[in-house]
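Every number here is computed from the coordinates shown, using simple stated rules; none is lab data. Just so it is clear, the structure is predicted and the values come from calculations on it, not from any experiment. So basically every Cβ, Gly included, is an ideal-geometry build from the backbone, and we count neighbours across all protein chains shown.
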Amino acid sequence: MFEVEFYELPDGEKPVKKFLDNLDNKMRSKAVSSLTILAEFGNTLREPYSKAMGNGLFELRIKFAGDITRIFYFFCADNKIIVTSGFIKKTRKTPTGEIELALKYKADYEGRHEKK
C-alpha cells in the first residue's frame, strides 16, 4: 500500500485539494475513488487509470459520464505518492501549461524535501 500526500505550497495551500473541492460531487467521488486505487496499486497502476507523462510525472486518468479529469502525481521514497494538481480535460492533448505547472510543483517539493 502506498501513502498519498497532497503537495503543499510554501504558504500552506494544497492545489489538488482546491481542485477537488471545486469539482461537482459525482466527479469528486470518482476522483477520490481513483486516488484510493492509486494508493493500492501505486507504481503498478497502468492505463487506462494512469499514464506516464515524462520526467517522473504521471497523470491519474478519471472519466465520469463523458467528463474527463486528470490529476498529476509523482513517486517518492518510502512508498509515498505526491499528488500535485489537477484539471478538467477539454482538449484531446494534455495542455503543456498543466504539465509544466505539475513539474514546477514536483521540483519545488523535491527541493524542499531533499534528504540532507
Worksheet item: Hey, what did the chain get for relative contact order, percent, Cα under 8 Å, at least 6 apart?
Response: 27
Fill in: Separation in nanometres of the label points that stand 7 Å from Cα toward Cβ, at residue 92 and residue 67
2.4
Item to complete: Please give the helix 96-113 orientation as an angle from the longest Cα principal axis of the chain, in degrees from 0 to 90, rounded to the nearest 10.
Response: 30
Worksheet item: Can you sort 28, 92 by how many other beta carbons sit within 10 Å, fewest first?
Response: 92, 28
Worksheet, complete the sentence: Note: residue 39 to residue 79 extended length (0.36 nm per residue) minus current alpha-carbon separation gives 13.5 nm
Discussion item. Roughly how far apart, in whole Å, are the Cα centres of segment 47-116 and segment 3-29?
Written reply: 12
Practice prompt. Assign unit charges at the C-beta atoms only (+1 for Lys and Arg, -1 for Asp and Glu), then state the dipole size of segment 3-113 relative to its Cα centre in Debye, rounded to the nearest 20.
Written response: 580
Practice prompt. May I ask for log10 I(q)/I(0) of the chain at q = 0.15, 0.21 Å⁻¹, from a Debye sum over the Cα atoms as equal point scatterers with solvent left out?
Written response: -0.61, -1.26
